[in-house]
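So the structure is just underneath, and the comments pick up after that.
Values quoted throughout were computed directly from the atomic coordinates according to the rules given, and no laboratory measurement underlies them. Quick caveat, the model's predicted, so the values are computed rather than measured. FYI the Cβ positions are ideal-geometry reconstructions off the backbone, even for glycines, and counts take in every protein chain you see.
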Amino acid sequence: MEETTDAAAATAVQLIDGEGEFAGESAERFMAAAGVAGCGLSYAVVSIMGPQSSGKSTLLNQLFGTNFREMDAFRGRSQTTKGIWMARCVGVEPCTVVMDLEGTDGRERGEDDTAFEKQSSLFALAISDIVLINMWCHDIGREQAANKPLLKTVFQVMMRLFSPRKTTLLFVIRDKTRTPLEHLEPVLREDIQKIWNSVAKPEAHKDTPISEFFNVEVTALPSFEEKEEQFREQVQQLRQRFSNSIAPGGLAGDRRGVVPASGFLFSSQQIWKVIRENKDLDLPAHKVMVATVRCDEIANEKFGCLTSDTEWLDIESAVQSGPVPGFGKKLGYIVDVHMQEYDKEAVYFDEAVRKAKRQHLESRILNLVQPAFQKLLNHLRLKALEKFKTSLNLSLEGGQSFAASVRDNTESSLNEFEQGCADAVIKQANWDYSKILEKVRRDIEDHAFSVREKKLSELTTQAKEKLRKALAEPVESLFDAADETTWASIRNVYRRETESILPQFLKTLFGYEVEYVPAEQMVSNLRDYAQSIVENKAKDEASKVLIHMKERFTTVFSHDKDSIPRVWTGKEDVRAIAKDARTAALKLLSVMVAIRWDEEEDRIESILMSTLLEGSVVSKIASAAHADPLASTTWEEIPPKFTMITPAQCKSLWKQFKAETEFAITQAVSTQQAHRRGNSKLPPPWAMVAIAVLGFNEIMMLLRNPLYLFLLFVGYLLAKALAVQLDISREFQNGVVPGLISVSAKLLPTIQNLVNKVAAEQQAEHRPPAVEPPEPQLQPPPLLLSPRSPMSELRRLHMPLSPVRKIATPSSPSSPSSSSTMSSPRHFVDDQKPRPAAAQPENESSNADSIV
Ligand SMILES: Nc1nc2c(ncn2[C@@H]2O[C@H](COP(=O)(O)OP(=O)(O)OP(=O)(O)O)[C@@H](O)[C@H]2O)c(=O)[nH]1
Ligand SMILES: [Mg+2]
């Protein structure tokens, strides 16, 4: 296998053809097969120049085991090698690339056509470490020696290299004669010196010795054709000199400006291009150029390797879905591997270029992997925030104070985040995660702030709810029983409840580390809220003051001091009772007119009493014209914002109140009179005595005849039934004439009704009893003017009764007597339905009016 490889390596390929074209592809194949590219700087390039058919190819093949085409000895001397060929030396270390050049001064190109000769010579000098100059022994010292133009060319072109490498010129004297080399060499060197001196040099190198540019070595070989054995022997000895030729003291021990093996082909190509274009060849610049191109190539290749590295691809895809533990370490290792590969391959190129390209490669790689790092940081950021949220919830549920929970959990979440970041950073990069750390801190602070706001808002709502519960109902009930102590009681309730709820709230706020000023503000807001509850409740009740006043009036007016509903029997002092009831209502009004947070006593009640209650109607009208203390929209001692009912409103309210309650008083008086009438239905005693004396005969006749007595009895029953049916007493309440008209109109239907009833009862007696659906019961009307009656009921008080109600009342056989009805609040209201005032007896109405 190794032999095959060696054979392949030793097989010569054409690098530059006879037309001067660079055969890049075949040369690349050769480089790959010969494995030159991986040699770094450990390789040497040997080329040979010399006259045509001077046995150059033969020598190289013998010396290096190559297979350059040689001239067939039997076909005569003609050009064999065209252009430049290349092969790898077999069995010599370090790797030695051998180049066989077309012979000089050949007849084939013509005497004047030395362009290719010069170009190939310059090319060989530019890229070779050792140049063998093949020459015939008999040419030494000869003026017209064949190799003289060649040397001249070599030296001339050497001047075109700005900073030439120090090339070893090994003169191989062929077909040596008996003259020992010791004698030949000085002559040769003298010739060389002469030629060197004769070459026109640039000003800078005018006095530069040849040794500055060349190591001149000389060796001689016997004729291959005549003394082949000796030739081979001495060639083997010469071959020894090519072992370790680049080591110090070796044939090319002090060479300079070596192009790394991987850039050799490219470098050769570029040099040839420059030479062909007949430009000056700046080798140092060329070297930098080669290094640049090659390092770029290497860097690109390594970058490509990284992008397709499966380990990197795994990490990249894993990081899309979540944090990757050990990200920094893993990625750093991958980057390291590829950077080391670059270093290994680019090590022999120009240092500055290599480093610059390395840096560039590194930054490209870091740019490639940085998005993954950012992605990871985002995961870590979200994770830190989530952790904070969860642990804060747990801490709060565990009863830890808010501020302490936030502090502890912020610290632990940020620590975890920082650890994650440190784990994600790769050693090659100086990635800064302070900004995202700040961002996480801000996220956490924002969340903590929002939770705190929410909790504080909840706390405030809870405190408000507590205050509302603690104040609303008690205040309402205090207003229900409003009297002169009401506002003092309300203030007490307010003080007691706020002093129990607010300090507790403040204490809770300190758990949230709310600063003193905002905490005080929050407490103050709650205090205001508590006040607003009381004030709103008060305003609410004030808006219903008329109802309350009427309720209060009814409570006092319709109930005695034991809260038993009054029965107006005629003994009561309606005037005094009505006054008490109104006084009570007015007192209630005085409580309702203003919000009294102040403990200062005010004169509102006395003003109301004196203005509204006391004095006759006439005196009131008179005083109204002069100085009416109620003709104002403000109370003297009360700020407008605490005024709920203005004095002027009080006045109109009182007016309305009186109007709405006077009917009750009228009714009470009427009831009393009706009661009195009911008790004096019998005729006067003198009339009874007159009847007994004058009707004695008729009475006796009736008593003696049972038939008369029976008819009288039946007639009495009939009349009684009709009287009940027609409610005679009621019909005649409105006067005799209307009573007669009304009774006569109802008489016939009533008799018919009675007969029907009797017939129906007779039928019912003969019919089996059937289960009848219960008749819908008439709902008892609500207790009007009861202390709890709503406004609607009060309105109903003044509305005409519905037809149903009107019919139901007289037809109900079980309806109580009118006197007892009047005594109960319900009937009291029933009887308040509008009736023409003119129909009432004059004395009754005047009595009631005097009370009203
Ligand atoms: N006299 C003599 N002839 C030799 C020697 N070595 C080779 N030859 C002969 O010289 C002839 C040319 O050999 P090549 O090796 O082809 O010579 P070359 O210099 O490569 O020729 P080109 O490639 O055409 O320039 C052949 O016939 C060889 O046999 C030698 O040492 N002495
Ligand atoms: Mg040849």
- prompt: Given the pairs Lys579/Lys655; Lys587/Lys655; Lys544/Lys579; Lys454/Lys641, which span a C-alpha to C-alpha distance of over 25 angstrom in this model?
  reply: Lys454/Lys641
query: Can you list the GluC sites (Glu not before Pro) in region 217-285 that are in a DSSP coil and have 13 or fewer other beta carbons within 10 angstrom?
result: Glu225, Glu226, Glu277
- line: Over 31 Å (Cα to Cα) among Lys82/Lys302; Lys56/Lys152; Lys118/Lys302; Lys439/Lys464; Lys206/Lys355 -> Lys82/Lys302; Lys118/Lys302; Lys439/Lys464; Lys206/Lys355
- request: Give, in nm to one decimal, the length gained when the segment between Lys571 and Glu25 is fully stretched (0.36 nm per residue of separation minus the Cα-Cα distance).
  value: 182.3 nm
field: Whichever aspartates and glutamates have a C-alpha closer than 13 Å to that of Lys427, once near sequence neighbours (fewer than 8 apart) are set aside
entry: Asp336, Glu362
- request: Go ahead and collect, in residue order, the members of region 329-343 whose backbone nitrogen is under 19 Å from a label point 7 Å along the Cα-Cβ direction of Thr307.
  value: 334-342
query: What's the exposure ranking of Thr66, Thr485, going from fewest to most Cβ atoms within 10 Å?
result: Thr485, Thr66
message: How would Glu484, Glu345 line up from fewest to most surrounding beta-carbon atoms within 10 angstrom?
response: Glu484, Glu345
query: For the residues Phe510, Phe266, Phe417, what sequence is obtained by ranking on other C-beta atoms within 10 Å, fewest first?
result: Phe510, Phe266, Phe417
query: Treating the beta-carbon of each Lys and Arg as +1 and of each Asp and Glu as -1, no other charges, what is the dipole magnitude of region 2-254 about its Cα centre, to the nearest 20 debye?
result: 420 debye
query: Based on the mean of other beta carbon atoms within 10 Å per residue, what is the order of 172-178, 204-210, most packed first?
result: 172-178, 204-210
- prompt: In whole percent, what relative contact order does region 2-254 give with Cα contacts below 8 Å and a gap of six or more residues?
  reply: 19 percent
query: What size of dipole, in debye to the nearest 20, comes out for region 546-678 about its Cα centre when the only charges are +1 on Lys and Arg C-beta atoms and -1 on Asp and Glu C-beta atoms?
result: 780 debye
- line: The farthest towards the positive end of the charge dipole of region 288-402, of the residues Gly322, Thr310, Val288, given +1 on Cβ of Lys and Arg and -1 on Cβ of Asp and Glu, is Gly322
Student exercise, region 456-543 dipole from Lys, Arg, Asp, Glu Cβ charges, in Debye to nearest 20: 160 debye
- request: Pick out, in residue order, every one of the trypsin sites (Lys or Arg not before Pro) in region 640-725 that is DSSP loop and has at most 13 other C-beta atoms within 10 Å; say none if there are none.
  value: Lys681
- request: May I ask you to derive the relative contact order of region 237-320, considering only C-alpha pairs under 8 Å and at least 6 residues apart, and to give it as an integer percent?
  value: 17 percent
query: By how many nm would the segment from Asp282 to Asn393 grow when fully extended, if each residue of separation counts as 0.36 nm and the alpha-carbon distance is taken off?
result: 32.5 nm
